[in-house]
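> Input: one structure, supplied below.
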Amino acid sequence: MFNFRTDLASERKEIYQKANQLEEIDGIETNQEEIDENIKVERVKITNENGEKAIGKPIGNYITIDIKKLKIAQDEEIQKAAEILSKELKQVIGSHIDAQGEILVVGLGNIYVTPDALGPKVINEIEVTRHIINYLPQYVEEGTRMVSAISPGVLGTTGIETVEILKGIVENTKPKLVIVIDALASRSIERISSTVQLSDTGIVPGAGVGNTRSEISKKTLGVPVVAIGIPTVVETAVLVNDCLDLLIEKLQNEAKSNDYLNQMKEEDNYEEIREALIPKDYNLIVTPKEIDNLIENMKDIVASGINGAM
């Protein structure tokens, strides 16, 4: 299998297609929708084992929402992105449970590490209703969905695998569906904190940065798991590879191109760059200097999107 080093199904598909010079992949269906000049939605559906093996993702649905210019996004643009996420999430939830099914929202990550703080920050904004329905039902509108939320921390601070914590919660509270929010890794600097991936196949925390933890999915929890993830980091090798492409593009635009540069531009140089960096421990995990503001924007989009869908 390829060393994808990305959690995004759309990126894995592109990498596999480029490496094998394919227009389509057996077992994978895709379609794209441009909402406006700044927002695009791509839907990837893995339908059989061939598609599953090709990109290393389970059979299921993967929806990617790309949001350009998020660094300078205004409130109305953030709200529009949240509404799109809400619409897509509502359809995914509706395909697994009914309108009254109880939902548990889980924010993965370490709140003290900014690029990994998305999940815990979103949890603080979720409109929870389970306690009110249980103890003060007279104050709740009829038909309100029961929602609970938790941020279980990380293995390094709790000493407990997240899936072990969630198994206990699911067993006792018995939700019909779990929504998991986590920071992801990408193979493109353009996608950092500007892409939302929504999937109905669960999640393997840390897989994109080579720190794989136990899977959180229907197989491990016994209920459907919907994952919402946003890339917040890339490897140094990814950064160098993207910068190399930009350099080649600049040289081409200045009419300094040649066959060798064209060939370099067509190839994915990630593996060669990564192999050069690893012996000296230079293949770091990188995040942008504006990550604080980006996390706040993405937190608002995800929290508003979840609240709207439920």
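> For Cα pairs less than 8 Å apart in space and 6+ apart in sequence, what is the mean separation divided by the residue count of region 1-65, i.e. the relative contact order in percent?
Relative contact order for region 1-65 comes out at 32 percent.
> If ligands, DNA and RNA are left out, what is the accessible area of residue 304 with a 1.4 Å probe, given in Å² to the nearest 10?
Estimated to the nearest 10 Å², residue 304 gives 40 Å².
> Now for a separate question. Quick one: dipole size for region 50-104, taken about the Cα centre, charges +1 on Lys/Arg Cβ and -1 on Asp/Glu Cβ, in debye to the nearest 20.
So the magnitude is around 320 debye.
> Residue farthest toward the positive end of the dipole of region 48-123, with Cβ of Lys/Arg at +1 and Asp/Glu at -1: which of 74, 120, 48?
74
> Still on this structure: What's the ranking of 19-32, 60-73 by average number of surrounding C-beta atoms within 10 Å, highest first?
Highest-to-lowest ranking by the protection proxy: 60-73, 19-32.
> OK, next. Within the P(r) computed for region 48-88, what percentage of the Cα pairs occupies the region above 15 Å?
56 percent
> Further question on the same structure: As a test of understanding, state the convex hull volume per residue of region 1-143 from its alpha carbons, in Å³.
For region 1-143, the hull spanned by Cα atoms encloses 171 Å³ per residue.
> Taking only C-alpha pairs under 8 Å that are 6+ residues apart, what is the relative contact order of region 28-154 in percent?
Computed value for region 28-154: 18 percent relative contact order.
> While we're looking at this one, here's another question. Evaluated at 20 °C with a viscosity of 1.002 mPa s, what Stokes-Einstein diffusion coefficient in µm²/s does region 109-194 have when Rh comes from the Kirkwood expression over alpha-carbon pairs?
Rounded to a whole number, D works out at 142 µm²/s.
> Sticking with this one: Ratio of the chain's C-alpha Rg to 2.2 N^0.38 Å, to two decimals?
That works out to 1.04 for the chain.
> While we're looking at this one, here's another question. Helix hunt in the chain: which complete DSSP H runs extend at least 24 Å axially by C-alpha with mean Kyte-Doolittle at least 0.5?
Qualifying helices: 236-253.
> Of the peptides 223-229, 290-296, how do they stack up when ordered by the mean number of other Cβ atoms within 10 Å, highest first?
Packing proxy ranking, top to bottom: 223-229, 290-296.
> Under a cut-off of 24 Å between alpha-carbon atoms, report the lysines in cross-link reach of residue 90, not counting same-chain residues fewer than 8 places apart.
Within the straight-line cut-off, residue 90 pairs with 40, 45, 57, 68, 80, 121, 174, 176, 218, 219, 299.
> In addition: What residues qualify as long-range amide H neighbours of residue 202, i.e. H under 5 Å apart, gap of 5 or more or another chain, H built at 1.01 Å from N?
225, 227
> Quickly estimate the mean residue ellipticity at 222 nm for the chain, helices only: each DSSP H run with n ≥ 4 gives -39500 (n - 2.57), and the total goes over all residues, rounded to 500.
Counting only the DSSP helices, I get -12000 deg cm²/dmol.
> Let me see the P(r) profile for region 83-137: every Cα-Cα distance counted, bins of 10 Å, each bin given as a percent of all pairs.
19, 38, 35, 8
> Still on this structure: Relative contact order (percent) for the chain, with alpha-carbon contacts under 8 angstrom and 6 or more residues of separation?
In percent, rounded to a whole number, it is 21.
The values are calculated or read from the model by the stated rules, or taken from the named source; none is laboratory data. Bear in mind the structure is a predicted one, so any value in this text is a computation, not a measurement. All Cβ positions, even for glycine, are placed from backbone atoms using ideal geometry, and neighbour counts span all protein chains on display. For the accessible areas, the whole protein counts, side chains as well, though only heavy atoms, and no ligand, DNA or RNA atoms are used. Shrake-Rupley method; radii C 1.70, N 1.55, O 1.52, S 1.80 Å.
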